[in-house]
Structures are given as C-alpha cells and as structure tokens.
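Here's the structure, in structure tokens; my notes come after.
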Amino acid sequence: MSGGPPDPARPLWQEAASFALRAHAGQTRHDGVTPYAAHAVRVALTVRDLFGCEDETAVAAALLHDVIEDTPADYDDLHERFGAAVADTVAALTKDMRRPEPQREAEYDRALAAAGWRAALVKLADTYDNLCDLSAPGKRQRMLDRCRRALAIAGPLRDEHPAVARGSALLTELVQRESARG
C-alpha cells in the first residue's frame, strides 16, 4: 500500500484512521457483519478516551495495530507514511503467523514486553475491546487468558506512563467482572 507521507496539515491520528479504514476495507469482525475497522477505531478511542492517553503515536498505532497482520500493508508502508515510532509499535503488536502457535505466542509476548509502554498500552486496549465485543461464550476463557497475558506484559510498565496504569486497572476490573460471570 502506498500513498506517500501523511499530509502535515492533518493530525497523525486522522491520517492513521484513513489508512486503517482503507487497509481493512471489506473485512468484517467475527460476526460477519461489523466492519473490522470498527475494532481499530474502538481500540484507539479506548487508548485516548478511556485510558487517558493523548500521545499521537500511541493513538495512531492503536488505529493501525492489526494492519501488518491482517492486510497487504507491511512495516515499510507504515514506516514511510507514519515514521519509525508508529511502525515499530505496530510491528511489536504483530504476530508471526508462520510460526507454530506455542512458539508464536511466546515470541509475541517477548516482543511486546521489549517494545515499551505504547505497545503495552495498545495491547491492553485491544484485549479490552475484544473482551467487550466477545459474542461467542465458548471463547470467553481464551480471551480472559489473553487479557491476563496483556496485564502481565504491561505490569512492569505501569510506572512508565499513567495511561498504562489506568489501562491495567480498567482491564483488571473488566477481567474480574467477566470471570465472576462464569
């Protein structure tokens, strides 16, 4: 996906939103109806509005967090358009689907833990949204486990940025509520 550098007259998040919507065009969530890009927008709004982070790199990365994994766009596309900080954060949020699942998940967790507070924050928001959007009760335990993994990764970074602390607290509350539901 090309398109050149972002328009300097527009905020980075607007450029990232437009790019994500184009990249995810035609994709739907698990329900087969909801446009996939709705998830990207909800994750970005969770980062900004619920977790209280106004950092433009974090919000842009939230909008783009699944672009490398789920669309034809790659790291180079994001680097050219949005810079190293956004591209590196999104890359840390991208699983290498060529690997067997146990190896893939372990490598993913290590990369996320090493990537810094922005990647941890977006992962918290991603799992928060996925748990809120869960429609298949049979997948609840797996999603709760993913939330706990995200919380463990974010744990050491809570003191690094207040939004990570807030996101961790809110996701912990949601996990406790959902766990109590059975």
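The values are calculated or read from the model by the stated rules, or taken from the named source; none is laboratory data. Given the structure is predicted, the values throughout are model-derived calculations rather than measurements. For neighbour counting, all protein chains shown are included, and Cβ atoms are generated from backbone atoms with ideal geometry for every residue, glycine included.
Condition check ((1) in contact (Cβ under 8 Å) with a residue 60 or more places away in the chain; (2) within 21 Å of residue 59 (Cβ to Cβ); (3) not polar (S, T, N, Q); (4) not in a helix (DSSP H, G or I)) across all residues:
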{"residue": "118", "(1), (2), (3), (4)": "yes, yes, yes, no"}
{"residue": "123", "(1), (2), (3), (4)": "no, yes, yes, no"}
{"residue": "129", "(1), (2), (3), (4)": "yes, yes, yes, no"}
{"residue": "134", "(1), (2), (3), (4)": "no, no, yes, yes"}
{"residue": "145", "(1), (2), (3), (4)": "no, no, yes, no"}
{"residue": "150", "(1), (2), (3), (4)": "no, yes, yes, no"}
{"residue": "153", "(1), (2), (3), (4)": "no, yes, yes, no"}
{"residue": "166", "(1), (2), (3), (4)": "yes, yes, yes, no"}
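Of the residues contained in region 22-38, none is found to be within 15 Å of residue 90 (Cα to Cα), in a helix (DSSP H, G or I), at pLDDT 95 or above and within 14 Å of the chain's Cα centre (by Cα).
List the number of the failed condition for residue 108; all other conditions in (1) surrounded by 19 or more Cβ atoms within 10 Å (Cβ to Cβ); (2) within 15 Å of the chain's Cα centre (by Cα); (3) closer than 20 Å to residue 13 by Cα hold. Looking at each condition in turn, residue 108 falls short on (3). Among the residues of region 45-102, those identified as in contact (Cβ under 8 Å) with a residue 60 or more places away in the chain and part of a helix (DSSP H, G or I) are 46, 47, 50, 57, 58, 61, 62, 77, 80, 81, 82, 86. For region 150-176, the candidate set comprises residues that are charged (D, E, K, R) and at pLDDT 95 or above; within that set, the residue that is surrounded by the fewest Cβ atoms within 10 Å (Cβ to Cβ) is 173. Considering only residues that are closer than 20 Å to residue 154 by Cβ and among the basic types (Lys, Arg), which ones fall in region 73-103? The answer is 95, and nothing else. The residues of region 35-44 that are free of Cβ contacts under 8 Å to residues at least 40 places away in the same chain and over 11 Å from residue 13 (Cβ atoms), listed by number, are 35, 36, 37, 38, 40.
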